[in-house]
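The values are calculated or read from the model by the stated rules, or taken from the named source; none is laboratory data. This structure is a prediction, so every number in the text was calculated from the model and none was measured. Here the Cβ is made from the backbone with ideal geometry for all residues, glycine too, and neighbour counts use every protein chain on show. The accessibility values were calculated without ligands, DNA or RNA, using every heavy atom of the protein model including side chains. Shrake-Rupley method; radii C 1.70, N 1.55, O 1.52, S 1.80 Å.
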Amino acid sequence: MCKQHDSKKTNYLLLFLFFALNGCNMISAGHGSLTSYDFETNKANLEAAVMKVIAENKNIYREPEPNQEAKDIYKEIAKERNKDDESINTDTTYVDYYNDGKDYLTIKIKDKNYRFTFRYYGDEETWKTSPTSSLFIVYAYNELGQGGGYNDNQDPKLLKQLTAVFESELANKVEKELGLKYTAKK
């Protein structure tokens, strides 16, 4: 009887863990994905291509741009966060959880006034060891402020409009920069 009771407890525990993890959108390391873009290259290469496309595209800018005091404070935070691996080069020009230059980036498309927050899939260990990488849209908004994140039950037509802009302004240019096709998952 004890073995059967322990087995039931284990099954309930596993069921609880499944629903708890599923509820946290664990597929995307804590965030649900509106659309993800998978590349057959490591995170360092993907990140370099993304940053180059942003730097060379006058229609894209990162936001928000903070004042000097906030930049100085964030430099200290980034230094402390990266103390175990000094090779990590966190862009401290931007100070915002969703624009830290390492995990998340928030960009604005000037001519359309669209705003996107995207994230690289995985954690630092995954970035160091995986031969593939992904980025995924966490939040997307059009010029009217319509949009949101994964759990906001996006209208399929609006989601298609938002991802089309993201792809034309960023993902397709990153693909060209890398010389690699991406696989999109919606």
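Say whether the condition of being within 14 Å of the chain's Cα centre (by Cα) and touching a residue at least 12 places away in the same chain (Cβ under 8 Å) is met by at least one residue in the stretch 152-161. No: the stretch 152-161 contains no residue that is within 14 Å of the chain's Cα centre (by Cα) and touching a residue at least 12 places away in the same chain (Cβ under 8 Å). Screening the stretch 121-134 for residues that are modelled with pLDDT under 95 and buried (at least 18 other Cβ atoms within 10 Å of the Cβ) and picking the one that is farthest from residue 48 (Cα to Cα) gives 122. For residue 97, the conditions (1) surrounded by 14 or more Cβ atoms within 10 Å (Cβ to Cβ); (2) modelled with pLDDT under 65 are fulfilled apart from (1). Restricting the stretch 137-184 to residues that are outside any loop (DSSP other than H, G, I, E, B), among the polar types (S, T, N, Q) and more than 23 Å from residue 47 (Cα to Cα), which is least open to solvent (accessible area, probe 1.4 Å)? Applying the filter and picking the extreme gives 161.
Scanning the stretch 35-55 for residues that are in a helix (DSSP H, G or I), open to solvent by less than 50 Å² (accessible area, probe 1.4 Å), out of contact with any Asp or Glu (no Cβ under 7 Å at 6 or more places or on another chain) and hydrophobic (A, V, I, L, M, F, W, C) yields 46, 50, 54. Within the stretch 106-147, the set of residues being aromatic (Phe, Trp, Tyr) and within 16 Å of residue 59 (Cβ to Cβ) comprises 114, 116. Taking the conditions (1) open to solvent by less than 50 Å² (accessible area, probe 1.4 Å); (2) at pLDDT 70 or above; (3) over 18 Å from the mean Cα position of the chain (by Cα) in turn, residue 63 satisfies each one other than (3).
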